[in-house]
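Enquirer: Here you go, one structure.
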């Protein structure tokens, strides 16, 4: 961790130091500052809705990396290696250590549909080249309330922000695509089937409505709740006509599975 280079795993103090000393490209600086200032700032006199995220960023618990491309094979292989390093170290770093990945912004303006396509391409690539098998306890069908993305044998919740949101500023990133990976065990004790989880959901949804100035997204839900689907929450739609109707990822338990056929349509 904290080795030299752009695509490595970094803690907050390292990112801050590299920002101040000019060791990160302009796009990476803009990405990090947008994220950091947005999480710790307010909108409509309301703090960022996810108070777990606010605490993590304020206390320096989070980990970060930058990805020079969302399509280049070498860049995505590098992302996979960094994600594996994160999974090996996050529990020793802090009690709540998400990994936020900042992707280099495109040279031209993308449509919302392109951002959805890119997110699922990244996740499909990671799945196809995952060195670990898909966990036995996790369904492979995204249309199952207990399905969630897995990598390195670890179930996780990747939430994304992007530039196409006009009103839903809690999911807005002006620079480009941003994905925050959170292993499932970070949610232990605060899932929908616990009293603490129900209280957390109520607080977050109240703050979400005030922060965004619009009602919470119709697809906002909880893992394991009948009728809710995890994949729809990874990158909320703004224009439903540009969002996928079905989960684009193709998951298999076959391992190893570096099969180019699985990348078709990603």
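Enquirer: Conditions first: (1) at pLDDT below 95; (2) farther than 24 Å from residue 172 by Cα; (3) part of a helix (DSSP H, G or I). Residue 4 passes all but one, so which condition is the exception?
Expert: It is condition (3) that residue 4 fails.
Enquirer: I'd like the residue in segment 40-79 that is within 14 Å of the chain's Cα centre (by Cα), modelled with pLDDT of 95 or more and not in a strand (DSSP E or B) and, out of all such residues, is farthest from residue 126 (Cα to Cα). Break it down into steps so the answer makes sense when it comes.
Expert: Going through segment 40-79, the residues within 14 Å of the chain's Cα centre (by Cα) turn out to be 50, 53, 62-67, 70, 79.
Of the ones still in play, those that are also modelled with pLDDT of 95 or more are 62-67, 70, 79.
Filter once more, keeping what is not in a strand (DSSP E or B): 62, 70, 79.
Numbers: 62: 21, 70: 11, 79: 8 Å.
Applying the filter and picking the extreme gives 62.
Enquirer: Out of segment 72-88, which residues are in contact with a helix residue (DSSP H, G or I) (Cβ under 7 Å, 6 or more places away or on another chain) and without any contact (Cβ under 8 Å) to a residue 60 or more places away in the chain?
Expert: 76
Enquirer: Given (1) closer than 30 Å to residue 76 by Cβ; (2) modelled with pLDDT of 70 or more; (3) in a helix (DSSP H, G or I); (4) in contact with a helix residue (DSSP H, G or I) (Cβ under 8 Å, 6 or more places away or on another chain), identify the lone condition not met by residue 207.
Expert: Failing condition for residue 207: (1).
Enquirer: Also, quick follow-up: Select from segment 152-170 the residues that are within 13 Å of residue 112 (Cα to Cα) and modelled with pLDDT under 95 and write down the one among them that is surrounded by the fewest Cβ atoms within 10 Å (Cβ to Cβ). Can you show your working first?
Expert: If we filter segment 152-170 for residues that are within 13 Å of residue 112 (Cα to Cα), which is where we start, we get 160-166.
From the residues that got through so far, the ones that are modelled with pLDDT under 95 too are 165-166.
Details: 165: 18, 166: 9.
Selected residue: 166.
Enquirer: A follow-up question, please. Taking the options 34, 13, name whichever one is exposed (fewer than 14 other Cβ atoms within 10 Å of the Cβ) and in a helix (DSSP H, G or I). First the steps, then the outcome.
Expert: Numbers: 34 fails: exposed (fewer than 14 other Cβ atoms within 10 Å of the Cβ).
Residue meeting the stated conditions: 13.
Enquirer: Taking segment 16-31 as the region of interest, how many residues are outside any helix (DSSP H, G or I) and either out of contact with any helix residue (DSSP H, G or I) (no Cβ under 9 Å at 6 or more places or on another chain) or modelled with pLDDT under 95 (or both)?
Expert: We begin by selecting, within segment 16-31, every residue outside any helix (DSSP H, G or I); these are 21-25.
Now drop any that are not either out of contact with any helix residue (DSSP H, G or I) (no Cβ under 9 Å at 6 or more places or on another chain) or modelled with pLDDT under 95 (or both), which leaves 21, 25.
Counting residues in segment 16-31 that are outside any helix (DSSP H, G or I) and either out of contact with any helix residue (DSSP H, G or I) (no Cβ under 9 Å at 6 or more places or on another chain) or modelled with pLDDT under 95 (or both) gives 2.
Enquirer: In addition: If we scan segment 94-115, do we find a residue that is more than 24 Å from residue 74 (Cβ to Cβ), outside any loop (DSSP other than H, G, I, E, B) and touching a residue at least 60 places away in the same chain (Cβ under 8 Å)?
Expert: Filtering segment 94-115 for residues more than 24 Å from residue 74 (Cβ to Cβ) gives 94-98, 109, 111-113.
Then keep just the ones that are outside any loop (DSSP other than H, G, I, E, B); that gives 112-113.
In the following step, the residues that additionally are touching a residue at least 60 places away in the same chain (Cβ under 8 Å) were identified as 112-113.
Yes - at least one qualifying residue is present in segment 94-115.
The values are calculated or read from the model by the stated rules, or taken from the named source; none is laboratory data. What you see is a predicted model; the values in this text were computed from it and never measured. Here the Cβ is made from the backbone with ideal geometry for all residues, glycine too, and neighbour counts use every protein chain on show.
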